[in-house]
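For reference, the structure is listed below as structure tokens.
The values are calculated or read from the model by the stated rules, or taken from the named source; none is laboratory data. Just so you know, these numbers come straight off a predicted model, no measurement behind them. Methodologically, a virtual Cβ is constructed for each residue, glycine included, from the backbone with ideal geometry; neighbour enumeration extends over all protein chains shown. Ligands, DNA and RNA are excluded from the accessible area calculation, which covers all protein heavy atoms including side chains. Shrake-Rupley method; radii C 1.70, N 1.55, O 1.52, S 1.80 Å.
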Amino acid sequence: MGWIEVGSLIDIPKLGARVVRTAQGDVAVFRTANDGVFALDDKCPHKGGPLSQGIVFDNRVACPLHNWVIDLEQGCATGPDVGCTRKHEVKVEGGQVFLKLSTASNVMMFAGQTAEA
Amino acid sequence: MKERLVLIGNGMAGVRTLEEMLKLAPDAYDITVFGAEPYGNYNRILLSPVLAGEKTIGEIMLNDDAWYAEHGITLHKGKKITQLDRIKRLVIADDGTSAPYDRVLLATGSNPFVIPVPGNDLPGVITFRDIYDVDRMLEASTQYQHAVVIGGGLLGLEAANGLKQRGMSVTVVHLTNSLMERQLDVVAGALLKKSLEERGLHFLMATSTEAIVGDARVKGVRFKGGLEVAADLVVMAVGIRPNTDLAKASGLHCERGVVVSDTMQTFDPRIYAVGECVQHRGTAYGLVAPLFEQAKVCANHLAQLGYARYEGSMTSTKLKVTGIDLFSAGDFTGDDSTEDIVLKDAARGVYKKIVIKDNKIAGAVMYGDTGDGAWYFQLMRDGTDVSDFREHLLFGQHHLGDAGHGQSNRVAAMADGAEICGCNGVCKSEIVNAIVGKKLFTLEEVRAHTKASSSCGSCTGLVEQLLALTLGGDYSQAPKKKSMCGCTEHTHDEVRAGIRANNLKTMRAVRDFFEWKNPDGCASCRPALNFYLLSTWPGEYQDDAQSRFINERAHANIQKDGTYSVIPRIWGGETNPAELRAIADVAEKYNVPTVKITGGQRIDLLGVKKEDLPKMWGDLSKAGFVSGHAYGKALRTVKTCVGKTWCRFGTQDSTTMGIKLEQMSWGSWTPHKFKMAVSGCPRNCAEATIKDFGVVAVDSGWELHVGGNGGVKVRATDLLCKVETMDEVLEYCAAFMQVYREEGRYLERTAPYLERVGLTYVKQRVVDDAAGRKLLAARFMESQKLAQIDPWKQHAEATDKHEFIPIKQVV
Ligand code: SRM
Ligand SMILES: Cc1cc2nc3c(=O)[nH]c(=O)nc-3n(C[C@H](O)[C@H](O)[C@H](O)COP(=O)(O)OP(=O)(O)OC[C@H]3O[C@@H](n4cnc5c(N)ncnc54)[C@H](O)[C@@H]3O)c2cc1C
Ligand code: SF4
Ligand code: FES
């Protein structure tokens with residue numbers, strides 16, 4: 001699937017996120033303090049909490065359900081928690097945000113593995 | 001080229017400093033480590049359990065070779081630095097190995113003191129400091145019978161116990177007539193001696209050693225007065241001396257230890273020092289907890305952040321002899337300016353003594369039941385005024401305010417499978433394994449790795465006990481000042497005071513002023529800052545939605561499946577057919593899966609889709625409802641009973657009182673949630689005495705109660721005062737809420753707030769000082785003018801519902 005225009009950057013609050021509803025489930029599009037934009041499945045690797053609803057700080061988001069901290073670039077929990085959620089490509093052109101849905105299967109690494117894993 | 005950092009002394013304080021520094025500045029230095037011992041860094045504290053056969057050397061290793069390699073650290077094991085050349089900036093080891101440096105970290109620990117008596121150098125005479133010593137003792141225990149331990153202090157007794165476990169017959173010789181006199185008073189000392197004797201140890205009290213006899217190997221020990229006992233092994237445990245040899249030789253200023261400043265720098269700014277070898281503000285420490293505090297500070301400066309200060313530590317002691325529970329902190333003897341509170345139960349073998357000076361805890365000694373040690377220690381550190389709960393003090397924290405799922409019994413006794421953390425279902429063995437397996441030292445680390453005590457926190461005390469139990473020593477203590485979060489070293493109170501004093505009116509301003517490490521802050525400090533700014537500058541400060549937890553941002557409670565719950569306000573819990581009909585209609589229109597009566601006398605509509613929220617709110621506010629703030633750190637419910645209007649026992653119109661209270665205070669933001677209730681008589685059907693502000697009607701007026709809550713740890717309220725009119729109730733309530741809003745720490749509910757500042761203080765502010773009360777109430781009403789805007793109505797009318805709808809649907 002190619003690039004989809006999802007709307008303009010200013011419609012996403014700084015240090016916040018908006019949801020893009022897709023056939024393969026909700027995708028959260030985040031905007032950081034310095035206008036970095038990232039997209040992840042709106043599913044926390046812990047118990048599927050809606051990451052789009054979390055508090056965003058530098059390049060991370062704290063899940064609203066149990067406070068796991070997910071790295072926006074990789075979509076992975078920051079240590080010692082373990083687990084990743086699927087990430088999608090995004091770009092900003094002329095103030096518009098474009099999303100390229102990943103075709104990778106969205107099986108997530110769930111918690112339970114030890115930090116060593 | 002990177003700066004070169006050389007660590008001299010591969011021990012607990014030195015390596016801990018490296019670990020802390022690597023967290024802050026992973027590749028600031030080329031690091032070289034010299035250690036006189038032929039091992040990686042190990043947990044010296046646990047040598048006692050190793051000697052006693054409860055642990056193996058393998059289990060107490062902290063950093064193996066792999067760790068050093070992984071961090072690109074050059075490790076020289078078994079090489080002792082003999083020369084520190086500060087002109088050439090070079091260190092040289094006994095085998096000639098040398099390394100140039102830009103900075104040096106000196107962590108040479110201390111040397112056991114060997115008493116100057118004839119024969120003290122005979123084979124078989126040793127000290128108790130490192131793995132080498134333990135090996136010697138184990139060797140001896142297999143070949144010989146009689147051991148004499150000189151010194152009845154912490155170390156001596158742990159050595160004696162270990163050797164006894166290994167099958168030797170052990171005699172402990174002590175100079176004074178009370179064991180561990182530096183940590184224990186005479187009573188506790190006697191209890192300790194008794195139970196050690198029951199374990200088969202022999203004691204020679206008030207005895208001083210004259211000579212150690214023997215030729216090829218030690219044969220015995222002779223004491224002043226001529227008494228002589230046979231010995232094939234003599235352990236000297238009479239104390240330690242900071243190891244300053246190298247520092248002295250290199251001309252660094254030393255007194256008892258290497259003298260350092262509050263930044264852990266020696267008189268040579270290139271040379272830092274931490275651990276037992278240093279002397280800070282005249283004190284040299286011999287326990288790890290303070291050394292780890294030093295490590296944190298030193299790391300902060302090595303990483304060139306340069307703001308941390310070490311201001312000295314209070315220490316507490318535990319003895320690591322399995323089955324013996326003993327705790328001691330501060331000044332436990334006292335003088336004529338202090339008072340003692342003492343509990344002694346010889347049958348149970350329990351002894352507790354708390355020394356009080358000016359209504360604060362000055363010290364404590366406990367024997368047999370040390371469960372509350374951590375708590376007393378914290379009260380002591382914080383200098384909390386204990387006069388308000390003095391009579392409960394000895395019975396421990398969980399007796400403060402009643403039952404509940406709070407602190408429970410001693411962990412030592414618990415089965416491995418026993419659940420410690422009920423929120424995250426973590427059991428005792430999981431925590432212990434994590435502590436041992438992952439080498440955890442602090443409460444924070446245990447929280448991070450096991451999740452235990454990371455949710456409601458009611459098991460924190462237990463986890464702290466487990467840490468102490470597993471590691472010995474006193475790791476579990478909270479740092480002297482609890483910083484707000486990882487982003488800053490400053491405490492809630494400091495930041496808050498700073499906001500007012502320096503006119504800081506935006507998040508950015510606060511974070512810049514206090515030099516936050518993390519420009520955006522984090523998920524735990526941002527909501528707190530938002531509240532402090534909001535409550536300090538009502539009207540001026542622009543609330544920051546992105547710094548609020550989703551529940552407060554969406555004005556509804558997020559559920560585990562990502563849907564929301566909606567709880568409209570039902571004033572004082574009194575409703576009518578029209579309201580109920582309206583709620584019913586809304587529930588049907590948006591086919592709400594669950595409608596439930598809450599524990600707070602209102603109705604919860606659960607399972608609502610986020611995008612439906614604004615429309616639903618629109619309909620609800622048309623029907624006259626406002627948000628119930630069931631999601632907020634804000635005024636929640638005001639429960640009432642029917643009161644005099646109907647009830648045959650009712651003394652006042654409790655329902656109307658409740659409605660008035662709710663109408664005055666709804667919409668206000670508070671440090672934590674705030675709940676009220678009004679009962680029409682002392683039968684108290686509205687449970688007013690477990691609320692943050694509870695009103696109980698009596699014939700002659702209204703009793704006002706504060707600082708109660710149900711929940712995690714039930715706490716009944718304290719009686720604030722009695723007033724006569726409804727208007728007074730309102731004024732006192734507003735005043736109390738305002739002090740709490742101005743002084744309560746974010747997420748500190750009224751119960752812990754009250755226990756921190758003391759009921760006496762709150763009475764003085766809200767009851768005794770009438771003028772002050774009026775001012776407080778006025779400030780509250782002022783900020784209410786701006787707060788009482790229904791967020792639901794706002795969002796329903798708002799043209800942009802961004803927060804609530806997807807930005808795009810892709811089909
Ligand atoms: C809905 C309700 C349960 C119910 O179905 O009755 C409820 C639901 C929640 N309670 Fe409660 N509490 C509810 C009454 C209570 C009561 C009873 C009362 O208020 O009289 C208590 C004990 C009294 C008290 O709080 O002192 C209570 C003690 C707690 C606690 C423990 C508070 C404490 O200080 O220990 C928490 C945890 C917290 O707030 O940090 C909590 C937290 C929660 C949260 C907000 C947890 C969360 O963050 O999701 C739950 C929200 C669920 C939701 O989506 O609505 N809830 N909760 C009740 C709503 C009352 C209302 O109308 O607003
Ligand atoms: C048996 C025992 C039980 C203890 N129990 C407790 C307890 O329960 N609770 C508690 O808080 N504390 C306890 N302690 C004290 C605690 O272990 C020490 O406070 C802590 O280890 C001191 O750390 P340090 O880094 O300053 O010194 P050390 O850990 O001793 O490290 C210093 C290291 O530097 C090396 N060194 C010295 N000079 C040189 C040189 N010139 N060149 C190279 N290397 C050198 C030494 O060989 C040593 O390895 C106990 C100590 C012992 C011995
Ligand atoms: S408060 Fe007293 S009078 Fe009122 S309902 Fe309860 S029991 Fe009856
Ligand atoms: S679902 Fe995200 S932290 Fe639990």
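Quick notes on this structure:
- Size of the range B:488-593: Rg and Dmax of its alpha carbons, in Å, are 19.3, 56.
- Listed by chain and number, the lysines whose C-alpha is less than 29 Å from the C-alpha of A:Lys100, apart from same-chain residues fewer than 8 away, are A:Lys14, A:Lys43, A:Lys47, A:Lys87, A:Lys91, B:Lys560, B:Lys609, B:Lys610, B:Lys801, B:Lys808.
- Gain in span if fully extended, B:Glu391 to B:Ser169, counting 0.36 nm per residue against the direct Cα distance: 75.4 nm
- DSSP-loop GluC sites (Glu not before Pro) across the range B:677-740, with at most 15 other Cβ within 10 angstrom: B:Glu724
- Global geometry of the range B:664-790, whether rounded, prolate or oblate, following the gyration tensor of its Cα atoms and the 1.5 cut on a/c: rounded
- Between the beta carbons of B:Asp543 and B:Asp727, assuming R0 = 30 Å, the FRET efficiency works out to 0.45 to the nearest 0.05.
- Heavy-atom accessible area ranking, 1.4 Å probe, most first, across B:Ile81, B:Ile87: B:Ile87, B:Ile81
- Sparse-neighbourhood loop sites, trypsin sites (Lys or Arg not before Pro) in the range B:237-320 - DSSP loop, at most 11 other Cβ within 10 angstrom: B:Arg281
- Accessible-area order (highest first, 1.4 angstrom probe) of the listed residues B:Leu719, B:Leu138: B:Leu719, B:Leu138
- The angle between the Cα long axis of helix B:770-787 and the main principal axis of chain B comes to about 70°, on a 0 to 90 degree scale.
- Probe 1.4 Å - accessible area at B:Phe649, Å² to nearest ten: 80 Å²
- Only Cα pairs under 8 Å and 6+ residues apart enter the sum, and on that basis the relative contact order of the range B:73-135 stands at 17 percent.
- If R0 is taken as 56 Å, the Cβ-Cβ distance between B:Ala211 and B:Met1 corresponds to a FRET efficiency of 0.45.
- Expressed as a fraction of 2.2 N^0.38 Å, the value expected for a compact globular protein of N residues, the C-alpha radius of gyration of chain B is 1.12.
- In the full protein context, the range B:1-133 carries 42 Å² of accessible surface per residue, based on a 1.4 Å probe and ignoring ligands, DNA and RNA.
- With DNA, RNA and ligands ignored, accessible area of B:Asp768 (1.4 Å probe; Å², nearest 10): 110 Å²
- Listed by chain and number, the lysines whose alpha-carbon sits under 24 Å from that of B:Lys224, ignoring those within fewer than 8 places in the same chain, are B:Lys193.
- Taking a sphere under 13 Å around the Cβ of B:Gly119 and counting the other residues whose Cβ falls inside, with K and R at +1 and D and E at -1, yields a net charge of -1.
- One decimal place: the segment B:Glu255-B:Asp358 gains 33.7 nm when fully extended, by the rule 0.36 nm per residue minus the C-alpha distance.
- Each of B:Gly600, B:Gln738, B:Phe514 was placed along the dipole of chain B (beta-carbon charges, centred on the mean Cα), and the one lying farthest toward the positive end is B:Gly600.
- Calculated FRET efficiency for the pair B:Glu797/A:Gln24, C-beta based, R₀ 25 Å, to 0.05: 0.10
- Accessible carbon and sulfur surface of chain B relative to its total accessible area, %, 1.4 Å: 53 percent
- Annotation for the A:B interface, with buried accessible surface near 2600 Å², both sides summed [1.4 Å probe; non-protein components not counted].
- The loop-placed GluC sites (Glu not before Pro) in the range B:228-290, going by DSSP, that have at most 11 neighbouring Cβ atoms within 10 Å of their Cβ come out as B:Glu255.
- Alpha-carbon gyration tensor eigenvalues x 5, square-rooted, for the protein assembly as shown, Å: 56, 36, 24
- The relative contact order of chain B comes to 7 percent, based on Cα pairs under 8 Å that sit 6 or more residues apart.
- Remark: mean inter-chain Cβ contacts per residue of A:61-68 equal 4, using a 10 Å Cβ-Cβ cutoff to other protein chain atoms.
- Sum of -39500 (n - 2.57) over DSSP H runs of 4+, divided by residues of chain B (222 nm, nearest 500): -9000 deg cm²/dmol
- Accessible area per residue (1.4 Å probe, heavy atoms of protein chains only) ranks B:Trp669, B:Trp702 as B:Trp669, B:Trp702, with the largest value leading.
- Comparing each chain alone with all protein chains together (probe 1.4 Å, DNA, RNA and ligands left out), the residues of the range B:543-568 losing at least 50 Å² of accessible area are B:Gln546.
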